[in-house]
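First the structure, in the form of structure tokens, and then the observations on it.
The values are calculated or read from the model by the stated rules, or taken from the named source; none is laboratory data. The structure displayed is predicted, hence computed values, not measured ones. Don't worry about glycine lacking a Cβ; one is built from the backbone with ideal geometry, like all the others, and counts go over all protein chains shown.
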Amino acid sequence: MKFLNYFRGETFARGIHPPQHKETATMPIRRLPFASQLIVHLSQQVGRPAKPLVRVGQEVLRGQPIAAADGFVSVPHHAPVSGVVEAIRLHPTANGPWSEAIIIRAHPGSTQEVLWQQPQYLPALDADELIEAVQDTGIVGLGGGVFPTHAKLKVPKEWPVDTLVVNGCECEPYLTSDHRIMVEKPADIIAGIGIVRQLLGGPRAIIGIEDNKMDAVEAIRACLPDDGTISVEAVPTKYPQGAGEMLIKTLVGREVPPDSRSYQIGAYVQNVVTLAQMGALMPRGLGFIERVITVVGTAVEKPGNYLVPIGTPLRFLLDCVGARDEFLEVVFGGPMMGQAVASLDTPITKGVSGILVFRGREVAERTMRKTYPCIKCGECVESCPMGLNPSALGMLAAKRQYELMSERYFLGTCFECGSCSYVCPANIPLVQQFRVAKRILREKAA
Amino acid sequence: MESLSNLAVSGAFMAGLGVVLALMLAFANKKLYVFEDPRIGEVEELLPKSNCGACGQAGCRDFAEKVVHGDIIPAQCTVNTQQQRQGIADLLGVAAGTVEKKVARLACGGGQHVAFLRARYEGLKTCRAAAVVSGGGKECAWGCLGLADCATVCTFDAIAMDRHGLPQVDSEKCTACNDCVEVCPKGLFSLEPVSHRLWVACKNQADGDTAEASCEVACTACGKCVADAPLKLMQLANNLAVVNYDCNDRATRAPIERCPTGAIVWFDTPDRPAKGAAAKRILRNDPLPLRH
């Protein structure tokens with residue numbers, strides 16, 4: 001395999017090459033209008049839900065904090081629109097269980113102007129103040145991890161970080177929102193990298209972008225500072241190149257051991273959009289209230305990259321892009337790792353990077369093929385980027401041997417990229433079984 | 001000649017080794033002997049050996065040890081019949097005792113004919129797997145998914161799915177082993193003594209209108225049952241009526257009579273819940289259509 005790498009550049013082992021479908025890559029970011037009612041969930045992140053700061057009936061300004069962080073691993077939320085707080089009640093989420101949400105009725109004349117800000121001079125802040133400033137923006141890992149960014153930035157002192165890996169791979173098929181931000185807002189990304197470098201003690205920064213996005217590589221190269229601290233590298237297009245562990249392997253050549261964090265090997269990964277948002281919001285002290293989302297799929301009349309206010313109901317968004325069918329298959333995120341959504345009342349949350357909308361019957365015909373028993377062909381083993389044995393894991397999951405899966409077969413290191421399910425000729429829903437197993441193990445541990 | 005003596009030496013050596021090892025074994029047998037009550041084995045023979053854990057012990061062997069020890073009473077094994085329990089009691093010369101029978105009960109009445117679906121789930125046909133995919137597609141996020149994880153896991157064949165996709169517990173067969181309680185991803189099962197006759201068959205925590213829009217038999221937290229119930233027997237919490245079983249001796253049928261949806265029921269017998277007179281009649285038998 002080393003021999004082949006000589007021709008196509010160093011990258012991680014195994015992985016897959018699904019069709020890319022990046023049709024929206026050339027479509028500039030456009031704004032979506034406000035829905036009449038926006039729903040801001042108090043829990044859009046990993047960690048504790050935020051605490052509401054507003055009462056029912058209170059007027060809020062666009063950008064004003066409406067919920068405060070509850071503890072360190074939590075983030076505040078901001079009003080995405082000027083309006084009146086209509087209710088604070090349970091509302092459906094994409095995950096399933098309903099959770100508390102602040103429901104804001106938008107003023108009819110609400111403008112895009114952000115009326116609430118607190119400008120600050122970032123280079124004057126020390127590390128703790130800077131981390132607090134990150135928390136105040138309410139930014140979470142926008143690549144889909146939704147872990148509070150400020151908490152991730154608190155790297156223990158005993159682990160010096162020498163490389164900041166900026167993840168601009170966007171290896172999921174269909175999604176192009178990261179791509180458009182890299183093309184349109186390279187200055188924000190450089191500013192965000194500056195903030196993180198200030199926090200981590202000035203490591204070198206490498207921006208990794210898959211080589212199917214050369215226009216993004218060039219756009220960022222044109223903005224790089226002259227001191228050589230930040231570099232851009234085109235990495236081979238292969239799924240899941242955008243997983244933190246894989247990108248570290250490709251760019252830095254180090255491997256993250258199981259049960260360890262990447263900073264323990266001196267690397268720190270941050271998603272490019274998270275950095276762009278930090279660069280754009282933090283100097284002005286703004287809250288994170290809207291994000292770019294790729295809306296695409298066979299059922300969408302007007303696909304594209306839209307700037308959507310957080311809390312926009314899915315139903316309104318689908319009306320705007322003209323997605324109409326008797327049955328829709330709606331997925332938050334990409335086709336490989338995304339999550340099917342059951343209710344059109346679900347609002348957009350901070351972690352949604354793309355929305356795929358297909359005609360339900362089409363999907364049902366294609367995906368609901370019969371499942372056959374495992375013939376141990378080894379395709380899944382050949383595809384697993386973490387070097388696991390999905391075949392054995394799947395058979396254990398069918399027998400409910402969950403402890404064995406985690407102790408002997410390292411279920412915990414699986415990050416559910418979906419490569420094994422994608423290649424399985426027997427159509428076994430491997431990743432779904434792993435998700436169930438992980439959830440049961442989590443419940444038992446709790 | 002020499003070969004013969006070699007043979008004798010090796011034979012003698014092996015015999016000597018055998019004697020030494022036999023002595024060591026005999027010594028160990030005496031020295032390390034642990035007395036085990038022979039009754040433990042006899043009691044174990046009388047137990048069902050299903051190792052279901054309903055008694056709260058680690059298995060039938062553990063149960064037998066504890067019964068012989070006198071830590072627990074024979075009646076604690078809920079799988080045995082009264083006759084078998086008496087057999088154990090006679091063997092040990094103790095009273096069999098009585099333990100109130102518990103049954104698994106489902107806190108949901110939302111079958112396909114009364115509870116709306118938001119989306120159709122397609123994938124691994126287990127409740128666990130469906131619950132991971134956006135909650136499983138039922139409009140009520142708390143309700144039974146009807147994919148029969150409980151019926152599959154039940155060792156005693158006590159749970160069967162009815163035609164509306166709701167599990168029905170056969171109280172005769174149910175041993176209260178807790179398996180269905182653990183397997184349900186929505187946490188709808190609980191083990192209830194049969195004397196708990198008043199039962200709220202709903203866990204929907206949404207406000208009344210939202211709850212009733214998602215399921216016709218949802219508890220809307222209207223409060224009529226609380227008003228009609230004897231003092232402190234019932235209360236409202238999280239948009240749900242809650243029975244306070246500490247006051248169960250005061251329980252009557254009164255709270256169910258005015259319930260508009262029939263979410264609160266009265267178990268005349270452990271298998272037959274009765275709805276109040278004011279509960280809306282459900283005449284529909286077919287599943288409700290998908291509602292986006």
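If you check B:ASP179 against the conditions, is it among the acidic types (Asp, Glu), within 14 Å of another protein chain (Cβ to nearest Cβ), surrounded by 17 or more Cβ atoms within 10 Å (Cβ to Cβ) and over 30 Å from A:ASP345 (Cβ atoms)? When the stated conditions are applied, B:ASP179 passes them. Evaluate the following for B:CYS219: is it in contact with a Leu (Cβ under 6 Å, 6 or more places away or on another chain), modelled with pLDDT of 90 or more and in a loop (DSSP other than H, G, I, E, B)? Answer is yes for this residue. Of all residues in region A:36-50, those being aliphatic (A, V, I, L, M), surrounded by 24 or more Cβ atoms within 10 Å (Cβ to Cβ) and within 21 Å of A:LEU314 (Cβ to Cβ) number 3.
A residue that is touching a residue at least 40 places away in the same chain (Cβ under 8 Å), crowded, with 23+ Cβ neighbours inside 10 Å and under 23 Å from B:PRO48 (Cβ atoms) can be found somewhere in region B:183-192.
If I ask for residues that are within 13 Å of chain A (Cβ to nearest Cβ) and buried (at least 21 other Cβ atoms within 10 Å of the Cβ), which ones from region B:193-209 would you list?
Taking region B:193-209 first, the residues within 13 Å of chain A (Cβ to nearest Cβ) are B:203-209.
Hits for region B:193-209 are B:LYS203, B:ASN204, B:ALA206.
Within region B:87-134, the set of residues being polar (S, T, N, Q) and farther than 24 Å from B:LEU283 by Cα comprises B:THR98, B:THR126, B:SER134.
Would it be correct to say that B:CYS225 is in contact (Cβ under 8 Å) with a residue 24 or more places away in the chain and either assigned to a loop (DSSP other than H, G, I, E, B) or closer than 19 Å to B:GLN168 by Cβ (or both)? Lay out the reasoning, then the answer.
Values: in contact (Cβ under 8 Å) with a residue 24 or more places away in the chain: yes; either assigned to a loop (DSSP other than H, G, I, E, B) or closer than 19 Å to B:GLN168 by Cβ (or both): no.
Answer is no for this residue.
Restricting attention to region B:122-133, the residues that are within 8 Å of chain A (Cβ to nearest Cβ), under 17 Å from A:VAL330 (Cβ atoms) and not acidic (Asp, Glu) total 3.
Inside region B:210-236, residues that are among the small types (Gly, Ala, Ser) and within 14 Å of another protein chain (Cβ to nearest Cβ) make up a count of 5.
Taking region A:235-272, which residues are more than 26 Å from A:LYS350 (Cβ to Cβ) and in contact with a helix residue (DSSP H, G or I) (Cβ under 9 Å, 6 or more places away or on another chain)? Outline the logic, then answer.
First, pick out the residues of region A:235-272 that are more than 26 Å from A:LYS350 (Cβ to Cβ): A:235-238, A:249-255, A:257-260, A:264-266.
The answer is A:VAL235, A:PRO236, A:LYS238, A:VAL252, A:ARG254, A:GLU255, A:PRO257, A:PRO258, A:ASP259, A:ILE265.
In the set (1) modelled with pLDDT under 90; (2) over 30 Å from B:LYS173 (Cβ atoms), the condition left unmet by B:ASN80 is number (2). The strands (runs of 3 or more DSSP E) found wholly in region A:28-103 and carrying at least 1 residues that are within 14 Å of another protein chain (Cβ to nearest Cβ) occupy A:37-41, A:83-91.
Counting only residues that are small (Gly, Ala, Ser) and outside any helix (DSSP H, G or I), which one in region B:57-99 is surrounded by the most Cβ atoms within 10 Å (Cβ to Cβ)? Steps first, answer last, please.
From region B:57-99, those small (Gly, Ala, Ser) are B:58-59, B:64, B:70, B:75, B:87, B:89, B:93, B:95-97; that's our starting set.
Filter once more, keeping what is outside any helix (DSSP H, G or I): B:58-59, B:70, B:93, B:95-97.
Details: B:ALA58: 12, B:GLY59: 15, B:GLY70: 9, B:GLY93: 6, B:ALA95: 11, B:ALA96: 20, B:GLY97: 12.
So the residue we want is B:ALA96.
Is it the case that B:ALA54 is more than 14 Å from chain A (Cβ to nearest Cβ), over 27 Å from A:VAL436 (Cα atoms) and buried (at least 21 other Cβ atoms within 10 Å of the Cβ)? Break it down into steps so the answer makes sense when it comes.
On the way: more than 14 Å from chain A (Cβ to nearest Cβ): yes; over 27 Å from A:VAL436 (Cα atoms): no; buried (at least 21 other Cβ atoms within 10 Å of the Cβ): yes.
Spelling it out, it is not the case that B:ALA54 is more than 14 Å from chain A (Cβ to nearest Cβ), over 27 Å from A:VAL436 (Cα atoms) and buried (at least 21 other Cβ atoms within 10 Å of the Cβ).
What's the number of the only condition in (1) within 30 Å of A:THR176 (Cβ to Cβ); (2) exposed (fewer than 15 other Cβ atoms within 10 Å of the Cβ) that A:LYS376 fails to meet? With respect to (1) within 30 Å of A:THR176 (Cβ to Cβ); (2) exposed (fewer than 15 other Cβ atoms within 10 Å of the Cβ), A:LYS376 is out only on (1). Pairs linking a residue in region A:139-163 that is closer than 30 Å to A:ILE293 by Cα and assigned by TED's automatic domain parsing to the domain that holds A:PRO80 to a residue that is surrounded by fewer than 22 Cβ atoms within 10 Å (Cβ to Cβ) and not small (Gly, Ala, Ser), with Cβ atoms under 6 Å and 6 or more positions apart or on different chains, do not occur.
Go through region B:134-152 residue by residue and tally those that are more than 10 Å from chain A (Cβ to nearest Cβ), assigned to a loop (DSSP other than H, G, I, E, B) and either under 24 Å from A:LYS399 (Cα atoms) or hydrophobic (A, V, I, L, M, F, W, C) (or both). Looking only at that region, the number is 5. For region A:225-246, the count of residues that are on the phi < 0 side of the Ramachandran plot, in contact with a Leu (Cβ under 7 Å, 6 or more places away or on another chain) and among the hydroxyl-bearing types (Ser, Thr, Tyr) is zero.
Hey, can you tell me all the residues within region A:320-372 that are basic (Lys, Arg) and either closer than 22 Å to A:ILE428 by Cβ or more than 13 Å from chain B (Cβ to nearest Cβ) (or both)? Reasoning before the result, please.
If we filter region A:320-372 for residues that are basic (Lys, Arg), which is where we start, we get A:324, A:350, A:359, A:361, A:366, A:369-370.
Hits for region A:320-372 are A:LYS350, A:ARG359, A:ARG366, A:ARG369, A:LYS370.
The residues of region B:157-176 that are among the hydroxyl-bearing types (Ser, Thr, Tyr) and buried (at least 22 other Cβ atoms within 10 Å of the Cβ) amount to a single one, B:THR175.
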